[in-house]
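The values are calculated or read from the model by the stated rules, or taken from the named source; none is laboratory data. Bear in mind the structure is a predicted one, so any value in this text is a computation, not a measurement. Positions of Cβ are generated from backbone atoms using ideal geometry, with glycine treated the same way; all protein chains shown enter the neighbour counts.
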Amino acid sequence: MTPLDRIREQVTQNKIVLYMKGTPQFPQCGFSARAAQVLQACGVQDFLAVNVLMDPEIFENLKHYANWPTFPQLYVNGELIGGSDIMIEMYQKGEIQKLLQDALAA
């Protein structure tokens, strides 16, 4: 299975996927920490967190999957939502909460 196939499988088999540097418990950069905090603030506990630092193939190929060059990357129902800045902006507007609740309820 190619790295792009693995990414495609991860984002389509899981309702919420966060590609990040580190883990939600031990983030390895501030942006990843903020992304994990947004999910936690929304009450999301059931999601796949992929530590891109531990998987060089994912690290190298994820930027090509959705043409998004940076980490973290949040996918909901197979769709790229964005990085931590977009997540924070959506949280402040009350948008990401509904998106995540709808995804988990489906």
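Data overview
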item: Residue match in region 75-86 (condition: in contact with a Pro (Cβ under 9 Å, 6 or more places away or on another chain), buried (at least 19 other Cβ atoms within 10 Å of the Cβ) and part of a helix (DSSP H, G or I)); result: yes
item: Residue pairs meeting the criteria (Cβ under 8 Å; at least 6 apart or on separate chains; first closer than 18 Å to Q45 by Cβ and polar (S, T, N, Q), in region 19-33; second at pLDDT 95 or above and assigned to a loop (DSSP other than H, G, I, E, B)); result: S32/K21; S32/F71; S32/P72
item: The listed residue being of a type outside the set (D, E, K, R), outside any strand (DSSP E or B), surrounded by fewer than 12 Cβ atoms within 10 Å (Cβ to Cβ) and at pLDDT 95 or above, out of Q45, Q10, Q37, Q25; result: Q25
item: Residue match in region 45-67 (condition: under 12 Å from the mean Cα position of the chain (by Cα) and hydroxyl-bearing (S, T, Y)); result: no
item: Selection status of L53, closer than 17 Å to L104 by Cα and either in contact with a strand residue (DSSP E or B) (Cβ under 8 Å, 6 or more places away or on another chain) or in a strand (DSSP E or B) (or both); result: no
item: Candidate set: region 65-74, residues that are in contact (Cβ under 8 Å) with a residue 24 or more places away in the chain and in contact with a helix residue (DSSP H, G or I) (Cβ under 7 Å, 6 or more places away or on another chain); chosen: the one surrounded by the fewest Cβ atoms within 10 Å (Cβ to Cβ); result: Y65
item: Complete set of residues in region 54-64 that are touching a residue at least 24 places away in the same chain (Cβ under 8 Å) and surrounded by fewer than 16 Cβ atoms within 10 Å (Cβ to Cβ); result: E57, E60, H64
item: Single residue of region 56-74 satisfying the filter (part of a loop (DSSP other than H, G, I, E, B) and in contact with a Lys or Arg (Cβ under 9 Å, 6 or more places away or on another chain)) that is nearest to Q40 (Cα to Cα); result: P72
